[in-house]
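Have a look at the structure below before the remarks.
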Amino acid sequence: MIQILTAVVRLLLRLRYRIRVRHLERIRERGTRGVLFLPTHPALIDPILLTTELMRDFQARPFADQDAIDLPGIRWFAARIRTFVVPSVARYGKDAFTGIEGALQESIQALRDGDNVILYPAGGTLRSRFEVVGGTSAVETILKALPDVRVVLVKTRGLWGSSFSLVYGREPDLKRILLRGLGQILASFVFFTPRRDVTLTFEEPAELPRSADRATLNAWLEAWYNDDAPPARYVPYTIWETGGPRDLPDPDWGGGRGSVEGVPAATRRIVETRLRELAGVTILQDSQTLAQDLGMDSLSRAELLAWVEAEFGFQQGTRIRCAPWPMSCWRPPERPWPAPRCGSTRPRPAGSRPSRRGGSPSRRTRRPWPKHSWPPRAGHRTPPPWLTRPAA
């Protein structure tokens, strides 16, 4: 059943992707049991591509984010191939520790039993054209428990720039993208859909520094993954688009632009003391990053965020979404007028017009704000919370 379903999925994927697999036969000749696959993760779709390619000979069990696979069809398929489901540290913080550790230990036992495992060393999708393994500890943990395990590196090229990637600076909505992709394929008469070139390159390097420390091992993996890393590539989705394939710039995430000049000396001492305990270093500099320079993995960073939340009162994982100017400059009135209901005897806001029915408010009154004016007058309802910023 799984093999038939996998063949159908591979056929559907080839309506959009032109997939080329390199050197997989060399891996197959050396055996198909107890292999640890370490691929790059440029987009949300590449686990499906890789899993379907390896299903026939390796039946590899992948790691997957529990929220990313929380869709009816994908959830069923993930359960049938015995996926290692892990919670997201970015979303669940310190509460994700138990789930991640349990999945990691389960994968080690699976490798001992001869199963094949797909693990993403970076622990997440690409945020630029370059893979950043940083201070993640999953590969180091497995190699310490199984020093002689077969390790196969997988380099995925061609998906950075697709709608499943983070090239547009936001988290992709998997369900919406799949539904929209179905419509685009139908609009291109199915077999005429523009196809994206994707290459999967497999290699089992003998020079992998298995016994090295975490920083050396992760730096070696980054150098291998980022060799000849291509830029983001846009490929039209229908035959009706003009412009053809073209390169895209990497997104600007705006990180590392804060200033520490205004931080009180006492606060600096408290934070630096905690950083030294978690990272195991003695010298700290303002230009250092948690993952690359201090070697902190995702679990350590989540522990640091939880400590900051408890120590200073900053809630972990929250964001303030600000609309672009001039929306971000708007402040709600002190006493906003709600829209009156039909038959209401409450006085109408100044400037509003009665409706033709007499008792119900006019359409302009019911609208949150006038259609072609900004900012809204005090006589209209306040906009949704995500359009506002807290007053300074």
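General observations
- Residue within region 113-128 that is within 16 Å of Leu208 (Cα to Cα) and free of Cβ contacts under 8 Å to residues at least 24 places away in the same chain present: no
- The residues of region 120-149 that are part of a loop (DSSP other than H, G, I, E, B), of a type in the set (D, E, K, R) and within 24 Å of the chain's Cα centre (by Cα), listed by number, are Arg127, Arg129, Glu131.
- Residue within region 258-270 that is closer than 30 Å to Thr98 by Cβ, in contact with a helix residue (DSSP H, G or I) (Cβ under 8 Å, 6 or more places away or on another chain) and at pLDDT 75 or above present: yes
- So Arg16, is it loosely packed, with under 13 Cβ neighbours inside 10 Å and in contact (Cβ under 8 Å) with a residue 60 or more places away in the chain: no
- Residue in region 91-112 that is under 16 Å from Ala145 (Cβ atoms) and among the β-branched types (Val, Ile, Thr) present: yes
- Being at pLDDT below 90 and closer than 22 Å to Gly295 by Cα is a condition met by at least one residue of region 67-87.
- Options Thr216, Thr141, Thr199: the member that is without any contact (Cβ under 8 Å) to a residue 24 or more places away in the chain and surrounded by fewer than 19 Cβ atoms within 10 Å (Cβ to Cβ): Thr216
- Subset of region 126-153 (residues that are closer than 13 Å to Ala229 by Cα and among the aliphatic types (A, V, I, L, M)): Leu126, Val132
- Applying a threshold of 7 Å to beta carbon distances and a minimum spacing of six or more residues, or different chains, the list of pairs starting in region 184-196 at a residue that is within 14 Å of Leu12 (Cβ to Cβ) and ending at one that is in a helix (DSSP H, G or I) and among the basic types (Lys, Arg) is empty.
- Evaluated against (1) surrounded by fewer than 16 Cβ atoms within 10 Å (Cβ to Cβ); (2) closer than 26 Å to Ala138 by Cβ; (3) touching a residue at least 24 places away in the same chain (Cβ under 8 Å); (4) not aliphatic (A, V, I, L, M), Glu277 falls short on exactly one condition, (3).
- Exactly one residue out of Gln285, Gln292 is at pLDDT below 80 and either among the β-branched types (Val, Ile, Thr) or assigned to a loop (DSSP other than H, G, I, E, B) (or both): that is Gln292.
- Residue check: Gln3 meets all listed conditions (1) surrounded by fewer than 19 Cβ atoms within 10 Å (Cβ to Cβ); (2) at pLDDT 90 or above but one, namely (2).
- Scanning region 78-93 for residues that are within 18 Å of the chain's Cα centre (by Cα) and surrounded by fewer than 17 Cβ atoms within 10 Å (Cβ to Cβ) returns a single hit, Arg91.
- Here Val21 meets the list (1) farther than 12 Å from Leu200 by Cα; (2) surrounded by fewer than 21 Cβ atoms within 10 Å (Cβ to Cβ); (3) among the β-branched types (Val, Ile, Thr); (4) modelled with pLDDT of 95 or more almost entirely, failing just condition (1).
- Single condition Glu29 does not satisfy, out of (1) of a type in the set (D, E, K, R); (2) touching a residue at least 60 places away in the same chain (Cβ under 8 Å); (3) surrounded by fewer than 13 Cβ atoms within 10 Å (Cβ to Cβ): (2)
The values are calculated or read from the model by the stated rules, or taken from the named source; none is laboratory data. What you see is a predicted model, and the numbers here were worked out from it, not measured in a lab. As a convention, Cβ positions derive from the backbone with ideal geometry for all residues, glycine included, and neighbour counts pool all protein chains shown.
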